[in-house]
Amino acid sequence: MADYSWPEADRRGQIGRRPARLDGPVKSTGFARYPSDQNPPGLLAAKILTCPHAHARVVRIDTSAAEAIPGVRVVHVIQGEGSEIQWAGDEVAAVAADTEDIARDALRALQVEYEVLPHFVTEKHRDRAPAAQPGSERTDGDPDAAFASAHRTVEQTLGMPQMAHMCLEPHGQVAAWDGDELEVHASTQAVSTLAGQFASELGIPATQVRIRTEYMGGGFGSKFSPDRWGIVGAELAREAGAPVKLFLDRDQEVSVAGSRPSAFARVRVAADEQGKLVAWDSDSWGSGGLPGASQTPLPYVFSRLPNRRLRHTSVPTNLAGSRAWRAPNHPQACFLTMASLDDLANELDLDPIEFLDRNLEFTGRADVYREELGIAAGMAEWKERWQPRKRSRDSALQRGLGVSIHTWGGRGHASNCDVTVHPDGAVEARLGSQDIGTGTRTIVAQVLAETFGLELPQVRVSLGDNRFPQSGPSGGSSTVGGVCASTRRAAQDALREVLTRVAPRLEADPEQLTAAGGRVFVEGEPSRSMSWTEAASRIGGAPVSAQGRNPGPGRLISSGVGGVQIAEVEVDMETGVVQVKRMIAVQDCGLIVNRRLAESQVYGGLIMGVGYALFEEWIPDPVTGRLLNADMEFYKLAGLLDVGSLEVHMMTGPGYDERGVIGLGEPPVISPGAAISNAVANAIGVRVPWLPLTPDRVLDALAGRGGIA
Amino acid sequence: MRPFSYAAPATVEQAVSLLEVEGSEVLAGGTDLLSLLKDDVEQVERLVALRGIEDLSGIDASGGRLRIGSMTTLQELRDHAAAMAAVPALGFAIDGVASAQLRAMGTVGGDLLQRPRCWYYRRGFGLLALGPDGRSMVEAGDNRYHAIFPEGDARFVSPSSLAPLLVALGAEATVHGPDGERRVPVEALYRTPRAEGERENTLGPGELLVEVTASVGAARSAVYEIRQRRSLDWPLMAAAVSLYGELPLVDRARIVLGHAAPTPWLAAAAGDLLAGRELTPEQIVEAAEAAVEGARPMSGNRYKMQLAAVAVRRALLRAAGMEA
């Protein structure tokens, strides 16, 4: 059995370095062809007619006028007469036409009569919900006794509404048939699993479905399935006998293609005189549209708190079902917990960092958090600059500091990788994975180059095609661990085969040979060597290849990380406008393959975090049940001027590196909401119980009004 | 997109005769109208593009007057040193349009006459957004960005970045139409629609905005906008003020709110409060509070009353050179 492992720090050629992403140039110059850039000959454009009502029954559909428009190729009814529609934006019919303009004209010509039914879209008022589903109560320890003898208790209701994924490349695909064979250029996070889903819906064998995703413009957890528009697009293409491009319009993208569930909770939490947590009680509710929403992990991070009571009510609404949003359930749980703890620290007259420190025993990784809190506090100059919430304020602009901590798993998913060494020395990895913008292509190349002792231009990574060995969907920060492990195992096996074949030339045993710096040499005797090219030329006429799998032998990956974030904000007490001045993130993720890309993941998490902390929310209209901001005008994203200074510190070295590779996509997006909310409370002296922290909510809190429900 | 014809007249007279035909609409910078057409919120028979009419562009800032052609782009105005020196507050107003693309394409006339951003209007429910029961959908629905001074059934807000300042300056608009030219105060370009289908401006068939003129130098003006994002975003509230007289003595003052009412909202009583008196911080606060008197906020926009008072106060402080 071979020893699969990562090289020690002093022997790393690629791991831990900061190469720029390999596809940066093609992306930034516009040469990268995303699925929505595919324009095969004869391409038709398809558009979808959606229901304008939040709850309705389709009474009648007349497609004749649309079908009569010149250039309309296929009109396809998705939900016909009698169908009950449960959210505005749900798909009713689709049209494929010669041009996008004609397709839109055809949508307007479709006559649909609806019977409008009552709707409910404002889950904040759970008492008014027609179909709330209270869950069972769960109690650990004796919370009542603990609250009764507690030194300080805080109690309040907090909440954050639903928000959208807002992928810049909307959901969709280009579908083309060649006889019974279907090729789909899909904007997906799941290249290897999509084919089977298309196949079963379309009634063909999965072997006849090819999925291609060379690049894709963002998924954040919302692009794991073909979706109805995928199947419809393929059906339109089959019926029309021509390739069909079907991507959602922006309003559809915002309304139906991905949202994060809301979370509200009445939270009560208490501590003793030493500032130790003694009890937690939460009565939570939330909605992810029609399916409602499940309990979030409360109390977050401090999950070993002994006395606690949890109740949760799932509130279905007439809105499209939610999808996994980067770190599902964690940002919500983090806000509900860290805001409550921050208020409790204030009640105890304790510095919140000191308060967290005193309670780290209730977390799973006290040492990591303690080290990270120290580093973050130093970066923020917390000791010098933090002031208690209770202080006099004599000017309109007030600064505040807030802290939050978070956790995530991030174990690598199942992955297979083929590595091939060609007789000319070229090395290639092929895997049915996808680069969803995180840099997967680049880190796989680094693992290859590391293993063979080469530089990045000497290796090639092929992914984004389900004809390659299957690799897991990119979700839950599972990709980096999965693909690095499968690639490393395949590469080590392939290298061993090469070394075995060239060992006689160097009059050595294969075990004595090392590949590094573009050469193969006898360990300890660099003069007994040959170039990599020469070594490869001696493997024979056929390439050497090996397949690696994850999970598998050797300690290449693990899971479980902790992170600390500190936000510094400036609040205009008179206008309620919050500006993030600075975000500090301290994060561990085991062995870092690419420092630049790791930091980039954290920057991205912080930017998304500022977005949902200050700006982003679904605004469903109680009157029509439609989203009023299904656009990029009033669905506000953070712009470059809004995110402040982002400062990232990655935990590396002994204690971290030997854990192997751990995923990083989710962790940095978890804490910003809580840290920014805490910073605002510190700045203005009161808690704003809502995210996002919009001026109206800040002013309401300052005026002592505007609580939730 | 519904089919329409496109005309590119070379003279104002040609434009007028084209615009006289019902269903014709002016195309200026096109930064908004094209979206309205694509979204089928508005329908036109013919677009009359004004870009080819040279007379409509240009800036003249001499002789104590500022003249701005309606097809002048916001960026051209921003880059005009003499205009900026004459009315520095114009720079604040233009910078509030926080997108280089919008400033480069958007015109002064287009800014003044742009359609409201009301999210009910933009979703096809009409400017007044009256439901089947005749009640205001805005009132019953989400009105966080709507008017605190509703008029009749209208609850949308006037979105122009330049109008509050031009009204505060007492600027005039020159309108050319079938009966020749007329000059009106800029505020007279606006009206509140009383019935669905009526427009929020007073231009008649065949009329187009040619230029705006203002006498400059007599007043100290300022603009203060409150917006949530520093990146591209609409103001939640905007105030423009002009102070006439030898400060600290104020002869008269004009205070105008944007994003507060269906038209640029002249807070006359607040201005009158300052007239004939010496300007002090206390009086500024008084005027700011007077500016929101009579406001009728709805369920979700009470906070805009405070924003209006703060915007007026800060604009006055800025105009008076008393900013902290």
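Equivalent-ellipsoid semi-axes for the range B:94-150 (Cα gyration tensor, √(5λ), whole Å, largest first): 29, 12, 10.
Of interest is the spacing of the C-alpha centroids, which for the range A:173-238 and the range B:114-168 amounts to 43 Å. Can you give the net charge of the other residues whose Cβ lies under 13 Å from the Cβ of A:P328, counting K and R as +1 and D and E as -1? Cβ neighbours under 13 Å give a net charge of +2. Just to verify a number: FRET efficiency for A:N39 and A:T533, C-beta to C-beta distance, R0 = 60 Å, to 0.05? Efficiency, from the Cβ-Cβ distance: 0.90. Over the C-alpha trace of the range A:276-385, radius of gyration and Dmax come out as 16.3, 50 angstrom.
Placing +1 on the Cβ of every Lys and Arg and -1 on the Cβ of every Asp and Glu, with no other charges, gives the range A:544-680 a dipole of roughly 740 debye about its Cα centre.
Reducing the range B:1-68 and the range A:430-458 to their Cα centroids gives an inter-centroid distance of 54 Å. When the alpha carbon gyration tensor of chain B is reduced to an equivalent ellipsoid, its three semi-axes come out at 31, 25, 16 angstrom, largest first.
Summing +1 for each Lys or Arg and -1 for each Asp or Glu among the other residues whose beta-carbon sits under 15 angstrom from that of A:D144 gives -1. If only the Cβ of Lys and Arg carry +1 and only the Cβ of Asp and Glu carry -1, the dipole of the range B:84-134 around its Cα centre is close to 140 debye.
Start at zero, step by 5 Å, and the Cα-Cα distances of the range B:29-125 spread as 2, 12, 20, 22, 17, 12, 8, 5, 2, 0 percent across the bins. Shape class for the range B:144-211, computed from the alpha carbon gyration tensor (a ≥ b ≥ c): oblate, with a/c not under 1.5 and a/b at or below b/c. Cross-link partners for B:K38 among the aspartates and glutamates, with Cα-Cα distance under 19 Å and sequence neighbours closer than 8 places in the same chain left out: A:D98, A:E100, A:D101, A:D105, A:D249, A:D251, A:E253, A:D631, A:E633, B:E25. Only one residue of A:P297, A:A320, A:H330 has its Cα farthest out toward the positive end of the dipole of the range A:265-372, where Lys and Arg carry +1 and Asp and Glu -1 on Cβ, and that residue is A:A320. Diffusion of the range A:412-550 by Stokes-Einstein, at 4 °C in a medium of 1.567 mPa s and with Rh set to the Kirkwood radius over alpha-carbon pairs, works out to 86 µm²/s.
Shape analysis of the range B:1-50 based on the Cα gyration tensor places the equivalent ellipsoid semi-axes at 19, 11, 8 Å, largest first.
Neighbours of B:P297 by Cβ distance under 12 Å: Lys/Arg scored +1, Asp/Glu scored -1, total +3.
Mean projected area of the convex hull spanned by the Cα atoms of the protein assembly as shown, taken over all viewing directions: 46.3 nm².
Segment A:S149..A:D349, full-extension length gain: 70.1 nm, with 0.36 nm per residue of separation and the alpha-carbon distance subtracted. Counting only other chain Cβ atoms within 10 Å of each residue's Cβ, the peptide B:222-231 averages 5.
For the protein assembly as shown, the Cβ-based charge dipole about the Cα centre amounts to some 1540 debye (Lys, Arg positive; Asp, Glu negative; other atoms uncharged). In terms of its Cα atoms, the range A:104-201 spans 74, 40, 27 Å along the principal axes, sorted from long to short. Reported to the nearest whole Å, the Cα centre-to-centre distance from the range B:170-204 to the range A:241-293 is 48. Taking R0 as 35 Å, what's the FRET efficiency between B:A100 and A:R399 from their Cβ-Cβ distance, rounded to 0.05? About 0.70, to the nearest 0.05. In the protein assembly as shown, taking the dipole from charged Cβ atoms about the Cα centre, the farthest positive-side position among A:L597, A:T420, A:Q14 is held by A:Q14.
For A:K27, a cut-off of 26 angstrom between C-alpha atoms picks up these lysines, skipping any fewer than 8 places away in its own chain: A:K223, A:K245, A:K636.
Only the coordinates and a few stated rules stand behind these numbers; no lab work does. The structure displayed is predicted, hence computed values, not measured ones. As a convention, Cβ positions derive from the backbone with ideal geometry for all residues, glycine included, and neighbour counts pool all protein chains shown.
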